[in-house]
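The values are calculated or read from the model by the stated rules, or taken from the named source; none is laboratory data. None of the values given here were measured: they were computed from a predicted structure. Cβ: placed from backbone, ideal geometry, glycine included. Neighbour counts: every protein chain shown. With ligands, DNA and RNA removed, areas are computed over all heavy atoms of the protein, side chains included. Shrake-Rupley method; radii C 1.70, N 1.55, O 1.52, S 1.80 Å.
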Amino acid sequence: MKRSHYVILASLAAVLIFAGLNLASWRWLGGARADFTANGLYTLSTSAKRVVQRLIEPVEIELVYSRELGADFPAIRAHADRVRQLMAEIAAQSEGKVKLREVEPEAFSEEEDRVVAAGLSPAPTDGGEPLYFGIIGRNTSADNITIPFLAPERDALLEYELVRLISQLDDPAPPKVAVLSSLLPYQLHPTEEGSAFILREGARAYEIVIVEPDFRALPEGTDVLLMVHPRAMDEWQSYVIEQFLLNIGAAMIAIDPVSRAALVQQGGTPVASSLGRISQMLGLAESPQVVADSTVALPVNVDIGGGRTMQVGQPLFLGPPPGLMSRDDVITADLSRPINFGAAGRLIVAPPAGVTFEPLVSTSLEAALLSGEMAAGDPGPRQVLEAYQPSGEAQVLAGRLSGILRSTFAGPPAVADNDDPVLAELRRQEMARQPPFVADSQRDAQIILVADSDMFDDSFFVHPQTGQPLADNAAFVLNALDNLGGDPALTELRSRAPAARPMARVDELREAARTRLFAEQERLEMLLKAAEEKVGALEARRAGGAASTPEELAEISDYRAQAAEIRRQLRDVEREFRRDIDTLEGQLVFLNVWLPPALVGLAGIAMFFWRSRRRGGAA
């Protein structure tokens, strides 16, 4: 065989082998993945895999994306790529149960009418055309569940929202959460203006029902009870709550000896919470003291005179980091940011027989106890530190109570003989609608207790401009609701790291440079301002017709020279401010752009000389 024929046949064989290997890998290795991102952004968590793999009936996930319009917005374009990758991973792990589809609706088309009718919300663009970027999920029963808009800033919750949508398609009825509170934001439905951030987020996964303060019964079918800083309850209300805890046993209860949110709201809102007989059943002692902790104090702005402020840690405002949270409980195990508390109380629990209590969030060992009266007076950090005496033990801010509870009632409260006949009849009707009295828990109760109501207040954890959470308060509460009434497999997904990772090293350099150079920059700017004012005064005098002496002209020239020199020094300061960052940027460019091809080239040259030496030796 001629050498040229051999080369052609070998090339054809290589092409066929390459194509065959690709087809085989596509067939047999289609589900294989390698995720090299630092936070495993494209790797499904164990819980997410459990949800998608247990599907009984197939579901369809449709990505509705205006690709052409989205290309003009870098953040949306990048987020769309991440959504596609994650959807592909979900489909790969579902063993064929999750079908994917992507559509790009055209304006004024039937396709656009269909997606709008499904509940998608377009975002307006500069050109006036609507930008669609949402999800429509369907099951075999033709149930539709949507994510109206995939906002890039909600990237950290992307996996949770996609997997929750699939879980809801598998079981469309959301858990019902009854909310009982004396705080105004928790008396509003999530769709009403002024409602709490946690309620608005919770409405994405649950049916939220607001319980009136003068309630006589809880909403029928309630799965979880959320009590935030409740008012004092009468005997009948205590009985209703107690029976719910014994029958259903799923509740999150936040009490507070001094609620700052209540102090701001006023209007008859009690400053201190009260559970009455419920505390007795839970073995909870309601303490009037508040907790301060200088170790985890949150910074506040303090006026230092002259119109200037500085940030100082306020020991009454606590931000326990993940290190002070339980790593064994699913509610807190995956939280990655602090939970912010304000003038929190402490949980003192002596659980009854058959009941256990496990701390979820605690303070450091340096925590101190202060009187509620002092906290209600809004003391500054200095006043708090003057009264600060470390207790030497950690104080529990949140915990889980679980086990078999026992009623403090012998039966339903009796109707008093001297009651108004009409009211007495209404009471009998209320009693008739209640489930039969039970003395013991019908299942293991799971109750999350929190010694603060301010951690539920938006002002403690939501950025006032962006509306995004700065701490894991909402994640903690929603994790608890997931665990109590939703799908426990979804709990850990709320705390996934976002895809957009901050340049931590660059931020550190920028902050260090700002700290080092701020004083010098401020001094130079003051000198420049003084020099320019003097030049301006002298120029104004000349403009008024006054004769300028040689001394004044020389003075103007000197001040102008000073101003030019100060401006030069300011430019030097600004260059120094950028120097370290520019150096790091150059190093990153070298490592990421130039070094890899240089290494490949050097490896090729080394291989060439090695093979040349081998051929020379063989000869």
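Could you tell me which of rounded, prolate or oblate describes segment 297-389, using a ≥ b ≥ c as the square roots of the eigenvalues of the alpha-carbon gyration tensor, with rounded for a/c under 1.5 and, failing that, prolate when a/b is larger than b/c and oblate otherwise? Cα axes put segment 297-389 in the oblate bin.
Rounded, prolate or oblate, given the Cα gyration tensor of segment 151-226, with a/c below 1.5 counting as rounded? Could the numbers behind the result be given before it?
Working: a/c = 3.39, a/b = 1.47, b/c = 2.31.
Oblate.
Surface exposure of segment 181-264, expressed per residue as accessible area with a 1.4 Å probe, stands at 34 Å². Cα to Cα, under 19 Å, and not fewer than 8 places away if on the same chain: which lysines meet these conditions relative to Lys49? Excluding near neighbours in sequence, the set is Lys97, Lys99.
Projecting the Cα atoms of Ala142, Ile253, Pro219 onto the dipole axis of segment 133-286, where Lys and Arg carry +1 and Asp and Glu carry -1 at the beta carbon, places Ile253 farthest toward the positive end.
Taking all protein chains as they are arranged and a probe of 1.4 Å, the heavy atoms of Met374 leave approximately 50 Å² accessible to solvent.
Is the C-alpha gyration tensor of segment 71-222 telling us rounded, prolate or oblate? Criteria: a/c under 1.5 is rounded; beyond that, a/b larger than b/c is prolate, otherwise oblate. Walk me through the intermediate numbers first.
Working: a/c = 2.07, a/b = 1.56, b/c = 1.33.
The shape class here is prolate.
Each label was represented as a point 7 Å from its Cα along the Cα-to-Cβ direction; for Glu104 and Met607 these points are 3.9 nm apart.
Can you give the relative contact order of segment 80-235 as a percent, counting alpha carbon pairs under 8 Å and 6+ residues apart?
Values: 191 pairs, mean separation 24.7, N = 156.
Result for segment 80-235 is 16 percent.
Stretched out straight at 0.36 nm per residue, the stretch from Val300 to Leu423 would grow longer than its current Cα-Cα span by 39.1 nm.
When the chain is fully extended, how far beyond the present Cα-Cα distance does Ser11 get from Glu60, taking 0.36 nm per residue of separation? Show your work: numbers first, answer last.
Values: separation 49, 0.36 × 49 = 17.64 nm, distance 4.33 nm.
Residue separation times 0.36 nm, minus the Cα-Cα distance, leaves 13.3 nm.
Using the Cβ-Cβ distance between Ala432 and Ala232 with R0 = 22 Å, the FRET efficiency computed as 1/(1 + (r/R0)^6) comes to roughly 0.25.
When each of the peptides 292-302, 329-339, 10-20, 461-471 is scored by the mean number of other C-beta atoms lying within 10 Å of its residues, the order from highest to lowest reads 329-339, 292-302, 461-471, 10-20.
Taking the Cα centre as origin and putting +1 on Lys and Arg beta-carbons and -1 on Asp and Glu beta-carbons, what dipole magnitude results for segment 367-420, to the nearest 20 debye? Present the calculation step by step, with values, prior to reporting the outcome.
Values: 3 positive and 7 negative charges, 92 e Å.
I would put it at about 440 debye.
The trypsin sites (Lys or Arg not before Pro) of segment 316-421 meeting both criteria, a DSSP state outside H, G, I, E and B (loop) and at most 12 other C-beta atoms within 10 angstrom of the site's C-beta, are Arg327.
How much of the accessible area of segment 290-412, probe 1.4 Å, is carbon plus sulfur, in whole percent? The partial results should precede the final answer.
On the way: 2890 of 5600 Å².
The value for segment 290-412 is 52 percent carbon and sulfur by accessible area.
Debye-formula intensities of segment 400-456, expressed as log10 I(q)/I(0) at q = 0.18, 0.22 Å⁻¹, are -0.81, -0.89 (one equal scatterer per alpha-carbon, no solvent).
The slack in the chain from Asn22 to Trp594, taken as 0.36 nm per residue of separation less the alpha-carbon distance, amounts to 202.8 nm.
Summarise the accessible area of segment 55-127 (1.4 Å probe, protein heavy atoms) by the percent that is carbon and sulfur. Present the calculation step by step, with values, prior to reporting the outcome.
Numbers: 2020 of 3950 Å².
It is 51 percent, rounded to a whole number.
Surface analysis of segment 60-161 yields an accessible area of 48 Å² per residue, using protein heavy atoms and a 1.4 Å probe.
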